[in-house]
Amino acid sequence: MRVLMFGRGVIATIYGLALEAAGHDVEFYVRPGRATEYGSTVEADITDARIALLGRQIRRTASIRLRESVEPADGFDLVILSVGHHRLAAAASYLTPRIGTATVLVFGNVLDDPLDASAPLPATQVVFGFPQAGGGFSSDGVLHGALFRNVIIDAHRERSTSRNSAVRTVFEQAGFTVRDQRDMRGWLWLHFLADAGMHAQGAHRGGLAGLIGNRRGFREALLTTRELLPLLSAHGVDVNRHRRSVLPYQFPIPTSATMAWATAHLPIARISLAAHTDPDAAEPSAVLRDAARKVRQLGIQAPRLEASLRKMG
Ligand SMILES: NC(=O)C1=CN([C@@H]2O[C@H](COP(=O)(O)OP(=O)(O)OC[C@H]3O[C@@H](n4cnc5c(N)ncnc54)[C@H](OP(=O)(O)O)[C@@H]3O)[C@@H](O)[C@H]2O)C=CC1
Ligand SMILES: CC(C)(CO)C(=O)C(=O)O
């Protein structure tokens, strides 16, 4: 399959390399002028949990193909679009006239209704999913990442089209296990609020890396998200469908102890957080700002989130 990864960011690179290794024809779209800057290789240090339960660390210099434009005649079958929620609209506008008949997998954080957030991409060509990976580039350009076996794919009955099946097959053939999500919109909202809780604490601790091994930090993150949960029902999400996912917020003490222990002792649990050390990174402040905007609109009290926003300045 011809696959285009949008950008050469963390998630695009981790999954692009995995799909290429599985035999797909993978290219990366980067902004005009950036191909030379990036070069034709990437140094990747990935702890891969497809091979071993707690991950096996593999470091390699991988060749990658970059392109600075996309045209409908390029004939991509699948475009994987993984950007921060605050950059999705611009990316979707760029891609819409250029994708031809390709399926676009929107594979990252989304706030608002997913189809509105990914407009003007045609709803019939879009599939929603979410990565189970994380990491970041260190200052020497090396990608340090953790890759889990699962990926989340939308499995709502009305959206279970042949495009969904094709996306599932691509991941399964590359050794991933697809976790069906029947309420993707609710799941994406909940994940966004979970990130807001984490980033709120990151704002006090020099980024998410400051949470590693930090029981109090995780507890505060969970409590921050708990303050935001009323947003879900206010937007029509049936929280009962996400009972297991909301348990950490109902039991923050044992959950934070587990998270602190896991991130202190297991590299696979630590890597995604360890890479987030930039206190001025754009995505965390966009997540906090947009979560705060939503709760203020509804008059929901979120003192922990507000305190973190003040801290960010
Ligand atoms: N990193 C992580 O640990 C995790 C991230 N996620 C989610 O996955 C998504 C992607 O995250 P991540 O990979 O870290 O993000 P990155 O910022 O690393 O990657 C985004 C990429 O998209 C490119 N890009 C964005 N907009 C445009 C545009 N309009 N035109 C051209 N290129 C563009 C960026 O290029 P440029 O640099 O030129 O702007 C960059 O290469 C987010 O929603 C995030 O929340 C989920 C789990 C973990
Ligand atoms: C907050 C983070 C990095 C934790 O892995 C994440 O899940 C995301 O960016 O969506």
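Nothing in this text is a laboratory measurement; each read-out follows from the coordinates by a stated rule. Please read all numbers here as calculations on a predicted model, not as lab measurements. Neighbour counts run over all protein chains shown; Cβ positions are idealised from the backbone, glycine included.
Worth pointing out:
- Net charge over other residues, Cβ less than 11 angstrom from the Cβ of residue 195 (K, R count +1; D, E count -1): -2
- Relative to the Cα centre, the charge distribution of the chain, modelled as +1 at Lys and Arg Cβ and -1 at Asp and Glu Cβ, gives a dipole magnitude of about 880 debye.
- Peptide ranges 151-157, 241-247 listed from the most packed, as the mean C-beta count within 10 angstrom indicates: 151-157, 241-247
- Build a GNM of the chain with springs between Cα atoms under 10 Å apart, and of 140, 238, 74 the one that fluctuates most is 140.
- For segment 152-174 versus segment 1-62, the spacing of their alpha-carbon centroids is 21 Å.
- All other residues whose Cβ lies under 11 angstrom from that of residue 94 are scored, Lys and Arg at +1 and Asp and Glu at -1, for a net of +3.
- Eigenvalues of the alpha-carbon gyration tensor of the chain, scaled by 5 and square-rooted, set the equivalent ellipsoid semi-axes at 30, 23, 19 angstrom, largest first.
- Within the chain, percent of DSSP bridges classed antiparallel, to nearest 5: 35 percent
- Dipole magnitude of segment 186-312, debye to nearest 20 (Cβ charges: Lys/Arg +1, Asp/Glu -1, about Cα centre): 320 debye
- Charge tally for residue 257 (other residues, Cβ to Cβ under 14 Å; Lys, Arg +1; Asp, Glu -1): +2.
- Summarising the label geometry, the points placed 7 Å from Cα in the beta-carbon direction at residue 161 and residue 123 lie 1.0 nm from one another.
- Charge-dipole axis of the chain as Lys and Arg at +1 and Asp and Glu at -1 on Cβ define it, positive-most pick from 301, 130, 209: 301
- Nearest-0.05 FRET efficiency for residue 115 and residue 69, computed from C-beta distance (R0 25 Å): 0.40
- Under the Karplus curve 6.51 cos²θ - 1.76 cosθ + 1.60, θ = phi - 60°, whole-Hz ³J(HN,Hα) for segment 20-27, x wherever Gly or Pro sits: 5, 4, 7, x, 7, 9, 10, 10
- Calculated [θ] (222 nm, deg cm²/dmol) that DSSP helices of n ≥ 4 give over the chain, each run adding -39,500 (n - 2.57): -13000 deg cm²/dmol
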